[in-house]
Structure formats: structure tokens, C-alpha cells
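Rule-based calculations on the coordinates, nothing more; no lab input. The structure displayed is predicted, hence computed values, not measured ones. All Cβ positions, glycine included, derive from the backbone under ideal geometry; neighbour counts span all protein chains shown.
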Amino acid sequence: MSAKIIDGKALAARIKHELAEKVKAEGIKCTLAVVIVGDDPASRVYVNGKKSDCAEIGIESRELALPKETTQDELLKLINDLNHDDSVDGILVQLPLPKHINEEVIINNISPLKDVDAFHPTNVGKIMIGNYNFLPCTPAGVLDLIDETGTDLTGKHCVVVGRSNIVGKPQAMLLLHKNATVTICHSKTTNLKEVCRQADVLVVAVGRAEMIDAEYIKPGAVVIDVGMNRLEDGRLVGDVDFASANEVAGYITPVPGGVGPMTRATLMRNVIKAKNLN
Ligand code: GUN
């Protein structure tokens, strides 16, 4: 039997529609500054997507595109200007940055009140405590997708594969706040297959194309695929082998059209939230 598909594109469209209604009804005027350094094609696609979401909702976006030779000090100067610019509510610096720029230094210099990615250590700490201004975009989108299945996370075993600062770690915290029992796995986990197979909810964010197949999945489990990998033949696939996992899972997200659109929808929520913080 095939799993039920969790349609992230449709859910994100619904959320964005609600946000657009709110912006219109309440006359909210807010601005997102999007900073992109260099000409990474994937980053360009992501930035264009975020700008188009802003336009759809009625949020102003201001793109600041800098050449790849931009120095760290020049970028810090721009961040500082944006921090002090009252016409800017949210700041997003598209990652990755060119190698000569230290991403951690840049993130640490974004005002936590404008940090709509929730990457600043202050916001990461708030997520850990469970009293946050900004939701971590991808992990919050994943929670909404799980919610769509009607799953009550209380007491459920959730396994997160991946321990990145952007997804794995904040994901584990959000699941914990929902009263789940959480296991974080990573590349050095022994018996990964066996651990994954215990999961009622499996969230995969490892960055390895089609690594997780049916053998890693408990029959009926909810499987959320955060991965986005471009194969040599041009196909876009997740970290989960969809065809195989689909035979065993109860619910599964597609790639594309699963987590990606939900990450962007949460970002839009955060920009509107930022308006009230600044
Ligand atoms: N690069 C890949 N994902 C993200 C994200 O969520 N935010 C930013 N700023 N850069 C990214």
C-alpha cells in the first residue's frame, strides 16, 4: 500500500493566503531586507522565491546583491546599517556565503530582533528554552506538516537524522516542546537503520541523496524529507528514497513540494512578527 502524501505546497499556499489576508485587514507594512553575496545559482533561486512570497503577501522586499569579492568588513558594515535602519523589519543573509567570509561572525552581528531566520545565538537559545520570538523556519514548517497528518506528538518517538544548527538541533527542540521523545542521529550513529525503524515520526535532514529507504522505516510511520539534492541527470530528489519509502510509510512528504515551501511560509510569518518587535 502507498503512503499518503503530505502536500507542503498546498499547505504553504493556504498559510500564505491567510498571511496576505492579515496584512491587508490590519494594514501591516513591513519590509524584509534580503542580502545575497556572489552568484551561486541555487541561492539566486531561493532569494527569488522569497521575494516572490513577499510580493504575494504584501510584504516589501529589498534585495541587496553584493559581488562575490565583497569583504567580511564590507558585509558587516551593511548588516550594521540594516540593523539601524528603521524602515527594515527583517534581515535575511542568504547562505552559503563565499568561503572568505565567516558565516558565524555575520549571523552574530544581525540584530536578534531582525533575525527572521532565527540563526542568531540569542534566538537559538530562546528556541531551546521554548520562549521564542522567531520560529526556526524549516523545523516549524516540519511541525506544521506533521500536524496535517493529525498525529498527536505526545509520547511519540521522533527520530531526527541530521544535527545541523539550522535543522537537526532546532527540530529536536520543537519536537521536545510537543512532548515527543526525541532521538537525534548523525553520520556516526551506530545501527542507524535500527534506530530509524523505531520512529513513529522520522525527520531526515542529512544532505545525502536517497539515503533512507524502506528498510529504515517502521510501517505506518510519518516520514518528513528535508533533503534537496540535484542528481547528475538533473533530477531533484530528497534524502529519502521516495519510491521505496512510499511502500512502507503511513505519510510522506514529496521532494519538491514538501518541506521547501513550508520553510518559506514560516519565514513570511517571522517577517510579520518582526514588525512588532522593532
Ligand atoms: N540557505 C539555505 N537555506 C537557508 C535558509 O533557510 N536561510 C538562509 N539565510 N540561507 C539559507
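Assorted remarks:
- Compared with the direct C-alpha span, the chain from Asp147 to Asn179 gains 10.2 nm at full extension, assuming 0.36 nm per residue.
- The distance separating the Cα centre of region 1-72 from that of region 144-198 comes to 26 Å.
- Considering helices alone, the calculated mean residue ellipticity of the chain at 222 nm is -12500 deg cm²/dmol, with DSSP H runs of length four and up weighted by -39500 (n - 2.57) and normalised per residue.
- Packing here is the average count of other Cβ atoms within 10 Å per residue, and on that basis the peptides 259-270, 65-76, highest first, run 259-270, 65-76.
- Phi-based couplings in Hz for region 187-195 (Karplus 6.51, -1.76, 1.60; Gly and Pro marked x): 4, 9, 5, 7, 6, 3, 4, 5, 5
- Distant-in-sequence amide contacts of Ile212, defined by a placed amide H-H separation under 5 Å and a gap of 5 or more residues or a different chain, comprise Val240, Asp241.
- Counting DSSP beta bridges with both ends in the chain, the antiparallel % (nearest 5): 5 percent
- 3J(HN,Hα) couplings calculated from phi for region 119-136 with the Karplus curve 6.51 cos²θ - 1.76 cosθ + 1.60 (θ = phi - 60°) are, in sequence order, 9, 5, x, 4, 6, 4, x, 5, 5, 4, 6, x, 10, 10, 7, 10, 7, x Hz; Gly and Pro show x.
- Sorted largest first, the spans of the alpha carbon positions of the chain along the three principal axes are 53, 44, 37 Å.
- Kirkwood Rh and Cα Rg combined as Rg/Rh, region 1-96: 1.08
- Amide H contacts of Ser164 (H built 1.01 Å from N, in plane; Pro and chain starts excluded): Lys169 sit under 5 Å, all sequence-distant by 5 or more or on other chains.
- Charge tally in the Cβ shell below 10 Å around Val47, where Lys, Arg are +1 and Asp, Glu are -1, Val47 excluded: +1
- With 27 Å as the limit, the listed pairs Lys9/Lys68; Lys16/Lys193; Lys4/Lys24; Lys156/Lys193; Lys77/Lys169 have Lys9/Lys68; Lys16/Lys193; Lys4/Lys24; Lys77/Lys169 beyond it between alpha carbons.
- Label zone at Asn276 (point 7 Å along Cα-to-Cβ), backbone N below 17 Å, region 22-37: 22-31
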